[in-house]
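Note sheet for the following structure.
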Amino acid sequence: MKSLIILMLFSFLFGCASNGKKDKDFEMNLKESSVPEWVYEIEQSCEHEVYLCASAEGDSSAAADANSKKSLASILKTKNESNISLEKFGFTAAEAQALELRVQQDVNHSVAEIFKKAYIKSRYEKDGISFSLSVLEKIEAKRRLRGEIKSLDDQIRFHYKKGLKNSLVKMNLLFSKRIYLNKKYMILAGESISTDMSISKINNLKYSKVQKGNKVLVRPINDVPRILVKKVEEILSSRGFKVVRDNATDLTVRLVYSAKDGVQAASRGLKEYSFSLEVDVRDNSGDKVDSFISAAKSSGRNKQDAFLKAKLILIEKINLNGKKLNIK
């Protein structure tokens with residue numbers, strides 16, 4: 001029995017060594033003079049001034065072709081992250097997310113159109129394994145990207161010169177797409193295509209009619225504590241706006257207050273409450289200029305008792321956020 005176990009162990013180790021040797025032999029065989037260099041050294045064999053190159057293998061010629069083109073497409077993949085926070089320009093988180101998704105879809109479509117020009121330049125087969133070399137001619141890809149970026153620039157300038165605030169979403173979409181395509185152009189050309197536009201310049205259109213000295217109406221939408229209304233009015237006055245009581249204004253600041261019951265606090269007889277104030281600034285056309293939400297939590301015997309403790313924190317947050325309001 002002992003001899004049998006030793007024999008089986010020896011056979012297993014010999015088999016592993018044999019398989020390892022076969023893999024190593026296959027690698028060495030690929031470097032034989034008859035094997036194209038692109039099979040094992042794609043970086044060295046590619047004419048980088050002319051092409052984007054990628055090679056891959058498969059259990060058939062069709063599979064190798066597909067894998068090779070997939071690898072080629074991955075070269076132009078840039079992380080879809082423009083490092084632009086649209087929320088600071090008055091977009092809600094949901095609006096910014098929807099816009100980003102639309103941009104990604106448009107960019108993916110543009111890149112797919114470019115890669116329709118990719119083709120299989122060479123194939124090779126060895127020991128039942130197929131290899132394919134796919135290429136994309138840089139001069140054609142760069143030409144198409146330049147043309148698309150120029151078209152985006154023309155559209156952005158057209159909308160910007162008209163100065164219509166209802167074109168802001170369109171311009172943000174176009175400019176965000178330009179950022180992504182410009183990154184892909186840099187991969188191909190080693191340089192970017194400059195522009196005199198910026199995301200800040202575009203979004204500042206919404207503030208073009210908002211000037212210091214303009215009239216502003218603070219309008220509580222629900223039962224907002226007077227102390228919070230007064231604080232918002234003080235902030236606006238300190239920034240040079242004239243707070244008025246009629247509707248003939250340049251800006252309307254809408255206040256929405258919330259006070260919600262929370263969980264039972266650890267201390268006996270106390271309950272936790274959540275308080276928040278949403279501040280939404282609109283121009284006289286009803287277009288959103290900016291907004292923020294300040295919130296605080298506190299515990300008390302009842303809602304009024306808890307608010308007395310939370311109001312100082314709430315006022316401090318309103319003061320900080322109010323100073324950051326993107327209004328001139």
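Figures for the structure shown
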item	result
Cross-link table K242/K324; K77/K161; K303/K323; K215/K309; K215/K324; K183/K324, entries beyond 25 Å C-alpha to C-alpha	K77/K161; K303/K323; K215/K309; K183/K324
J(HN,Hα) series, segment 281-289, from Karplus relation 6.51 cos²θ - 1.76 cosθ + 1.60, nearest Hz, glycine and proline x	9, 10, 7, 6, 9, x, 6, 6, 9
5 angstrom amide H check on Y51, placed H, neighbours 5+ away	K138
Radius of gyration, Dmax [segment 139-207; alpha carbons; angstrom]	12.7, 42
Segment 261-328: C-alpha gyration tensor shape, a/c 1.5 cut-off, then a/b vs b/c	prolate
Segment 234-298, dipole about Cα centre (Lys/Arg Cβ +1, Asp/Glu Cβ -1), debye to the nearest 20	320
Per principal axis, descending, Cα span of segment 215-324 in whole Å	51, 22, 21
Long pairs among K201/K230; K70/K126; K271/K311, criterion Cα-Cα beyond 27 Å	K201/K230
Whole-Hz ³J(HN,Hα) from phi, Karplus 6.51 cos²θ - 1.76 cosθ + 1.60, for segment 131-143, glycine and proline x	10, 9, 10, 10, 9, 10, 6, 5, 4, 6, 5, 5, 4
5 angstrom amide H check on D290, placed H, neighbours 5+ away	V281
Segment 215-324 - share of DSSP beta bridges that are antiparallel (%, nearest 5)	75
Residues E47, E37, sorted so that the one with the fewest Cβ neighbours within 10 Å comes first	E47, E37
Two-site label geometry, R219 and D246: point separation in nm, points 7 Å out along Cα→Cβ	1.6
Residues whose placed amide H lies under 5 Å from that of V218, excluding near-sequence neighbours	V244, V253
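Just so you know, all these numbers are worked out from the coordinates, no wet-lab data involved. Keep in mind that what you see is a predicted model, and the values were worked out from it rather than measured. When we count neighbours, we look across all protein chains shown, and the Cβ atoms used for this are built from the backbone with ideal geometry, even at glycine.
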